[in-house]
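For reference, the structure is listed below as structure tokens.
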Amino acid sequence: MKSTLQLLAAALLLTATGVHAQGTDYPRAPIKIVAGATPGGTVDTVARLLADSLSTQLKQPVLVDNKPGANGAIAADFVAKAKPDGYTLLLGTSGLSTLPLLQKGLPYNMNRDLAPVAITGFTPFLLFSGPTSQASSVANLIAYAKANPQRMSVGSGDGTTQMVGELFKAATGISVISANYRGGPQMITDIAGGSVDFGFLGATAVLPLAKAGKLRVLAVASDRRLPIAPEVQTLAELGVKDVLMEPWSGLMAPAGTDRAIIQAIERALAVTVQSEAYQKRINEIGSAGRFMGTDAMAAYILAEQKRLEQVTAKAGIKPAD
């Protein structure tokens with residue numbers, strides 16, 4: 001397994017003339033990054049940051065193609081069925097690991113049909129509540145929920161936020177009602193209005209409303225504080241262990257893509273993640289730029305899938321038809 005420093009050193013040697021795949025003339029045409037989200041959100045922003053940097057390093061235009069819908073399955077299926085030539089890539093996320101656990105009949109298999117290239121960042125979830133909720137702090141949330149089983153509710157906007165909610169329930173021993181939504185906006189509205197007590201989402205969705213007094217941020221589900229909100233303590237600091245949910249984002253290619261092509265993109269991404277411009281922008285959207293190469297990404301995804309399988313089994317969650 002190559003270290004980040006080894007990849008970065010190799011990439012720096014090649015950036016002056018462009019990062020090309022050894023033994024091939026890749027890339028010789030524009031490259032497309034498919035993002036399973038609408039323009040403007042975190043997934044789209046990360047895709048465009050990567051596209052801009054790769055365009056410079058690979059000496060070819062890199063475009064973002066938004067294919068939202070089905071919690072990212074439409075985009076993943078499109079790339080899984082694309083020609084494995086390095087010209088169609090996926091901005092993958094942790095949602096790819098949760099989907100098979102919550103939904104039957106996906107038209108692709110993540111482990112079989114998609115090849116890891118590199119993870120470029122993580123977006124930790126914030127635990128938040130409404131301004132009038134009994135969950136005014138993590139300690140108050142846990143105490144009230146234990147004293148009043150099934151009286152409080154936790155919202156989830158997708159499969160990944162549902163998973164962190166289950167982790168939180170298991171770690172604290174509380175019994176609360178699960179309120180599952182088709183996306184974060186309505187969940188935020190209901191938590192702000194008081195009909196749902198608390199939930200987990202990324203910083204870009206939560207912090208602006210918290211600053212406006214419409215939400216309360218209670219903690220971050222990470223092993224470190226967010227640069228964008230350093231005053232927010234981690235759950236571990238507040239005594240809640242083993243609730244780590246930092247959804248990753250990174251690039252994947254169709255299975256069967258030549259290893260030399262994947263390595264060329266991997267080297268370019270190592271340079272990207274280490275750049276000051278990328279780190280600054282990724283921090284601004286509540287994420288953390290951290291690099292994992294191809295082999296490390298593959299191992300991380302397999303470990304994540306195993307952990308999430310255990311979460312769903314313990315919670316009695318079964319995939320829907």
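What order, most packed first, do the peptides 159-171, 181-193, 230-242 have when packing is the mean number of other Cβ atoms within 10 Å of each residue? Each step should come with its number before you reach the end.
Values: 159-171: 22.8, 181-193: 17.8, 230-242: 14.8.
Descending mean neighbour count gives 159-171, 181-193, 230-242.
Amide H to amide H, with H built 1.01 Å from N, F125 comes under 5 Å of A221, M245, counting only residues 5 or more places away or on other chains.
Please order L215, L209 by the number of other Cβ within 10 Å, starting at the fewest.
Ordered from fewest to most neighbouring Cβ atoms within 10 Å, L215, L209 come out as L209, L215.
Dividing the mean sequence gap of close Cα pairs (under 8 Å, 6+ apart) by how many residues region 197-321 holds gives a relative contact order of 20 percent. Our coupling estimate for region 51-59, obtained by passing each phi through the Karplus curve with A = 6.51, B = -1.76, C = 1.60 and θ = phi - 60°, is 4, 4, 5, 5, 4, 5, 6, 8, 6 Hz, Gly and Pro reported as x. With a cut-off of 14 Å between beta carbons, the residues surrounding R281 carry a summed charge of -2, where Lys and Arg count +1 and Asp and Glu -1.
Could you give the length gained by full extension between K214 and R290, i.e. 0.36 nm per residue of separation minus their alpha carbon distance, to one decimal place? Intermediate values should be presented prior to the final figure.
Numbers: separation 76, 0.36 × 76 = 27.36 nm, distance 3.11 nm.
Working it through step by step, the gained length comes to 24.2 nm.
When +1 charges are put on Lys and Arg Cβ atoms and -1 charges on Asp and Glu Cβ atoms, the dipole computed for the chain relative to its Cα centre reaches about 180 debye. Taking only C-alpha pairs under 8 Å that are 6+ residues apart, what is the relative contact order of the chain in percent? Relative contact order here is 27 percent. Annotation: amide H-H contacts under 5 Å for G92 (H modelled 1.01 Å from N, sequence separation of 5 or more, or interchain): G250, L251, M252. Rounded to the nearest 0.05, the FRET efficiency derived from the C-beta distance between L244 and K280 at R0 = 25 Å is 0.50.
Take the cross-link list K146/K214; K146/K169; K32/K81; K169/K241 and give me the ones stretching past 18 Å between alpha-carbons.
Numbers: K146/K214 25 Å; K146/K169 11 Å; K32/K81 14 Å; K169/K241 11 Å.
Table pairs above 18 Å Cα-Cα are K146/K214.
For the peptides 303-315, 282-294, the ranking by packing is 282-294, 303-315, with the highest mean count of neighbouring Cβ atoms within 10 Å listed first.
Extension gain, K104-N140: 0.36 nm per intervening residue step, less the Cα-Cα distance, totals 9.2 nm.
Set against the labelled values (1) 52, 41, 36; (2) 71, 66, 58; (3) 66, 41, 33, Cα extents along the principal axes in Å computed from this structure falls on (3).
FYI, it's all coordinate maths here, none of it is from the lab. Given the structure is predicted, the values throughout are model-derived calculations rather than measurements. All Cβ positions, glycine included, derive from the backbone under ideal geometry; neighbour counts span all protein chains shown.
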